[in-house]
Amino acid sequence: MWANQSYLPWLATSWELSGDYFIVHLREGVTFHDGTEFTAKDVACTFLIYYMLNHPMYKYMDDVEVVDDYTVRFHITKPSPVIIRYILREPIRPYSTYKEYCDRIAELKAQGKGPTSEEMKALAAEFREFRPEEYIGTGPFMWIDEITESEVWFKFYEDYWNKKKVKFRWLKLINGETPQVTPHVLAKEVDYATHGFPPATERQFVEEGIRIIRAPIYSGPALYFNHRIWPLSEKKFRQAIAYAINKTENGWVSLMASGKRVELMSGLPREFEEAWLYPETRAKLNTYEYNPEKAARLLEELGLRKEGGVWVYPNGTPLEFELSFPAEYADWSAAAQNVAEQLTAFGIKIVPRAVTFTIHPQEVHEGRFQLAIRHWGGGANPHPYFHFYAVFIYWNEREAGIGQGRPGISFSLVRDTECCGRVDIKELVFKCPEGFDIEKQKEIVNKLALIYNEELPGVILWERYGNNPVPEGVRTEGWPPDDDPIYQNPPYGDAFTVLMLLTGYGIRPTPENMPAEERPAGPDYTMIAVAAVILVVVVAAIIFLRRRR
């Protein structure tokens, strides 16, 4: 729960630190959807696979060990609230599905073969091609082996350990991005959606009496640069772009009240800035208010000049860049189009290129772009580490030495800065959550905020808040009021809707739509959910497969 920074015991009933170990006690009597018992072996298997995949959690731990069927312990090398978050929040996958890989990983690890060894990399490549015959989890809803391009059904799992709390018997997930989902919302055929709906669509929802929930997402779109390209590699150029874009306008045309310009450009959401940044740090941060005159001066300092309203290189060639963005994301598409219009009017021609949303992140990871709209911020993770990881590390695998080592934005992490001298940003990012002394963590967090504000590996356009439509009273009721603390949880990750479905708090079927054992035949069923977050409840295996791609 974000409101009080606490974890709800679920598959784990309790946990404690003991010396160099973090010990987790598991709930007994839990089964996967195929009837297999949930034990410590499933937990160990899950974290062994992440060892093979070179996950950053292994910056803080180096081993996971089965103590008995319901106890598992993790050897902690660097104590941190981040590793506790990684351990307690990670969905657990069944050993019965992944045992071949888990056993081979354990063998290689025992031989001293790490994630970067040729043997482990070959196994990881094989693993990425693996597709289970069935997807099972431990949650209250199970996949019933019916899936189409437009929808998938999930049925209540009768042997779910906390079944008395679950008020629904069927969930339907409608596939598709904003254009596909909007007609269903307007027809009140869905009960909840997490897409980024454009202003005109949101106005339609309100006119139809559909409630809008605006929970913080702790993230949003940023304009990223390919740092292998000059002058994108120049700090002054990136700062000029930050000045040349009216970010208030960009947020409003994209999401109206749900697209809020960040005030400090620190790499952190405003809620984290208030909690973690010193007043003296906040005073030093450049707000990058819209100022095309300052932008022009910075470009001139790089030897660029403006001729006939167009910025040109020293040799007279006009500046022109391509800006790619995920086509199906209505809010990011609007942000990209507006950036292109603003910068072109400023004198730097920007050519927008829409890319299918499943392909676009791969293009960015592989460095096949000039400018790109991708996310900044750690989203559903309540520590600044995750936000700095997102802006400095996630799109920067090769420089950071993580994952598959793809070039991404190619932003050098060892730099000479005006604010802080020579810095190793990677070291600072992974060091900022170490230990449990918050004041010591704040020192590094403030330093990273100053570095981000100066270097701008990406220009943050705005922070997104949900504009999630909820047609109350059709099939569901009991949604809490807007000031309920549960809405401090974001719509994704630790999603407030998922928490309500799991715990029985808030939402419930309307009296005429009480749970039925048979699947409803038409649109008037117990509940339709249009949100990828529902999969967290339903079957963690699907999320696992998505993360591997």
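Every number in this text was worked out from the coordinates using simple rules, so none of it is lab data. Everything quoted here is computed from the prediction, not taken from an experiment. We place every Cβ from the backbone using ideal geometry, glycine too, and count neighbours over all the protein chains shown.
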List, in order, the whole-Hz ³J(HN,Hα) value for each residue of the range 296-310 obtained from phi through the Karplus relation with A = 6.51, B = -1.76, C = 1.60 and θ = phi - 60°; use x for Gly and Pro. 4, 4, 5, 5, 5, 5, 8, x, 7, 9, 10, 10, x, x, 10
Which order do His195, His375 fall in if you start with the one that has the fewest other Cβ atoms within 10 Å? His375, His195
Between the range 298-320 and the range 196-213, how far is it from one alpha carbon centroid to the other, in angstrom? 43 Å
Using amide H atoms built 1.01 Å from N in the peptide plane, name the residues 5+ places from Glu151, or on other chains, whose amide H lies under 5 Å from its own. Asn175
Note, the range 405-413: 3J(HN,Hα) by Karplus (6.51, -1.76, 1.60, θ = phi - 60°), whole Hz, Gly/Pro = x, goes x, 6, x, x, 7, 6, 8, 4, 9
Collect residues whose amide H, placed 1.01 Å from N in the peptide plane, falls under 5 Å from the amide H of Ala12; neighbours closer than 5 in sequence don't count. Arg27
Output ³J(HN,Hα) for the range 480-491: one whole-Hz value per residue in order, computed from phi by the Karplus curve 6.51 cos²θ - 1.76 cosθ + 1.60 with θ = phi - 60°, and x for Gly and Pro. x, x, 4, 8, 5, x, 4, 7, 6, 6, x, x
Dipole of the range 217-464, positive end: most advanced residue of Met265, Ile348, Trp332 [Cβ charges, Cα centre]: Ile348
Lys/Arg Cβ at +1, Asp/Glu Cβ at -1, dipole of the chain taken about the Cα centre: which of Gly377, Gln111, His195 is farthest positive-ward? Gly377
Which of Asn489, Ala3, Leu323 sits farthest toward the positive end of the charge dipole of the chain, with +1 on the Cβ of Lys and Arg and -1 on the Cβ of Asp and Glu? Leu323
Mind checking Rg over Rh on the range 12-128, alpha carbons, Kirkwood formula for Rh? 0.96
What is the helix-to-structure angle for 118-128, meaning the angle in degrees between its Cα long axis and the longest Cα principal axis of the chain, kept from 0 to 90 and rounded to the nearest 10? 70 degrees
Using the crude model of +1 on Lys and Arg Cβ and -1 on Asp and Glu Cβ, and no other charge, please compute the dipole size for the range 21-97 relative to its Cα centre, in debye to 20. 420 debye
Calculate, for Thr510 and Glu300, the FRET efficiency according to 1/(1 + (r/R0)^6) with r their C-beta to C-beta distance and R0 56 Å; round to the nearest 0.05. 0.30
Which value, in debye to the nearest 20, describes the size of the charge dipole of the range 217-464 about its Cα centre when Lys and Arg Cβ atoms bear +1, Asp and Glu Cβ atoms bear -1, and nothing else is charged? 280 debye
Divide the volume of the convex hull of the Cα atoms of the chain by its number of residues and quote the answer in cubic angstrom per residue. 151 Å³
Rounded to the nearest 10 degrees, the helix 95-110 long axis (Cα) sits at an angle to the longest Cα principal axis of the chain of 60 degrees
Residues Leu413, Leu255 arranged by fewest to most Cβ contacts within 10 Å: Leu413, Leu255
What's the exposure ranking of Arg270, Arg203, Arg131, going from fewest to most Cβ atoms within 10 Å? Arg131, Arg203, Arg270
For Asp62, list long-range residues whose amide hydrogen, built 1.01 Å from N in the peptide plane, is under 5 Å from its own amide hydrogen. His75, Thr77
Nearest 20 debye, what's the magnitude of the dipole of the chain about its Cα centre given +1 on Lys and Arg Cβ and -1 on Asp and Glu Cβ? 1000 debye
